[in-house]
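Shown next, in structure tokens, is the structure this report addresses.
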Amino acid sequence: MMLEHEGKKLLESAGIRVPKGLVIRPGRTAAERASARMERYPVAAKAQVRSGGRGRQGGIVKAADSAALAAAIEQLFATEFGGARPEAVLVEPWLAIERELYLSVAVDGRADGYVVLYGPRGGIDIEDGPPPARYAVGAAHRFRTHEMREVLKDHEPDYQVREKVIALAQRLTRTAALHDCTTIEINPLAKLGDGDLMAADAKVVRDEWAAFRNRDIAGQLEQAKRRVGRRLRDCLNMQHMYVRLDGDIALVSGGAGMTMAAMDMIAEYGGRPACFLDCSPGPTSTRGYRPAFAMLDADPQVKVILVSVFGGGTQMQRVANSMKEIMAERKSRKPVVFRLDGTNVDQVPAIFSQFGACNHARLEDAVAAAVRLAKGAQ
């Protein structure tokens with residue numbers, strides 16, 4: 001996900017009006033530099049983080065003068081939002097907003113492409129309002145103004161606002177397609193006193209799988225890897241999909257669907273998953289699994305590692321041999337529970353017997369064993 005100021009730069013390049021802001025990077029003189037460059041007050045100091053819910057967490061502060069701005073910047077840089085401190089602070093004029101609207105464009109499989117969502121009420125409480133109007137566009141070139149006008153007629157009574165929203169939605173759809181975006185969300189889309197619409201916020205998510213054809217996305221992925229620790233970087237370089245959770249049972253699996261099913265089963269059996277870790281890009285090589293085990297063994301929150309791999313094309317004896325090599329290298333004493341099933345699974349018991357491991361025939365049995373070990377380690 002792009003930072004807000006990065007997303008607004010993209011919107012501005014598409015001809016969409018955004019506030020003129022100042023990006024402040026962390027540093028000892030950050031607050032002083034910001035105060036010296038602002039000419040008018042009040043201003044909004046906005047934490048630049050890649051997680052949602054910033055507004056509810058105090059990530060947007062109104063400053064009435066230079067002293068308040070300096071204090072706000074120091075406060076924001078010292079606060080964690082979604083487990084991370086801000087990479088920057090965006091300082092913008094405090095907008096006199098007449099109405100807060102909601103507008104977004106996102107990839108939707110049901111639309112075979114893009115869908116436009118519009119709500120006549122935006123802001124942090126958008127979820128509490130009525131469901132937004134939905135215009136299924138499909139491919140960006142299929143956008144039709146008369147079709148969206150028909151969708152909006154029962155949701156936006158102001159004709160002038162309606163026409164401006166349609167024009168913005170068309171630009172957003174084209175921009176999303178041009179820049180490989182899966183989501184562009186403006187919340188709030190501010191209606192100002194002069195009747196114009198301005199993007200007061202911007203959430204832009206780009207498709208990581210388009211990195212092979214898009215230098216900007218490839219560069220952002222490289223920057224993201226540099227921001228994380230070495231062990232997680234090794235996993236990302238192997239194209240593992242990793243999401244940190246708050247439990248103590250780490251799951252090493254192959255395929256997003258199987259990983260989600262195992263996570264659900266862990267919760268059903270009274271355990272808590274520590275992560276979503278899909279190793280399917282390299283499911284049969286020791287090189288593919290080694291960084292995953294190194295990261296999980298070093299994580300003090302992880303008490304048990306559950307390896308659940310199922311595959312038709314994936315040969316289980318190769319996975320088992322990889323596990324044998326990794327277990328011989330490990331220095332950690334964290335227990336590992338195995339469930340391998342699929343092609344040549346009949347060869348797995350003989351391989352596992354060489355290092356004293358057991359292959360559970362059913363996922364239910366493996367999960368139950370992992371939960372039992374995790375509770376015993378508490």
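The values are calculated or read from the model by the stated rules, or taken from the named source; none is laboratory data. Values in this document were obtained by computation on a predicted structure and should not be read as measured data. Glycine gets a Cβ as well: all are built from the backbone with ideal geometry, and neighbour counts include every protein chain shown.
Note on region 153-196: residues that are crowded, with 21+ Cβ neighbours inside 10 Å, among the aliphatic types (A, V, I, L, M) and over 21 Å from the mean Cα position of the chain (by Cα) amount to 6. Do we have Ser35 as closer than 28 Å to Gln170 by Cα, hydroxyl-bearing (Ser, Thr, Tyr) and assigned by TED's automatic domain parsing to the domain that holds Ala78 here? It is false that Ser35 is closer than 28 Å to Gln170 by Cα, hydroxyl-bearing (Ser, Thr, Tyr) and assigned by TED's automatic domain parsing to the domain that holds Ala78. Could you check, for region 138-147, whether at least one of its residues is among the acidic types (Asp, Glu) and outside any helix (DSSP H, G or I)? For region 138-147, residues among the acidic types (Asp, Glu) and outside any helix (DSSP H, G or I): absent. For region 75-100, the tally of residues that are within 25 Å of Met148 (Cα to Cα) and touching a Lys or Arg at 6+ places or on another chain (Cβ under 6 Å) stands at 2. None of Glu39, Glu12 is modelled with pLDDT of 95 or more and surrounded by fewer than 19 Cβ atoms within 10 Å (Cβ to Cβ) except Glu12. Taken as a whole, region 296-313 holds at least one residue that is in a helix (DSSP H, G or I) and modelled with pLDDT under 90. When you check Thr314 against the structure, is it in contact with a strand residue (DSSP E or B) (Cβ under 9 Å, 6 or more places away or on another chain), crowded, with 18+ Cβ neighbours inside 10 Å and polar (S, T, N, Q), yes or no? Spelling it out, Thr314 is indeed in contact with a strand residue (DSSP E or B) (Cβ under 9 Å, 6 or more places away or on another chain), crowded, with 18+ Cβ neighbours inside 10 Å and polar (S, T, N, Q). Condition test on Leu172, is it in a helix (DSSP H, G or I) and under 24 Å from Glu208 (Cα atoms)? Taking the combined requirement at face value, the residue satisfies it.
Among residues belonging to region 95-131 that are assigned to a loop (DSSP other than H, G, I, E, B) and without any contact (Cβ under 8 Å) to a residue 24 or more places away in the chain, point out the one that is surrounded by the most Cβ atoms within 10 Å (Cβ to Cβ). Across region 95-131, the extreme among qualifying residues is Arg121.
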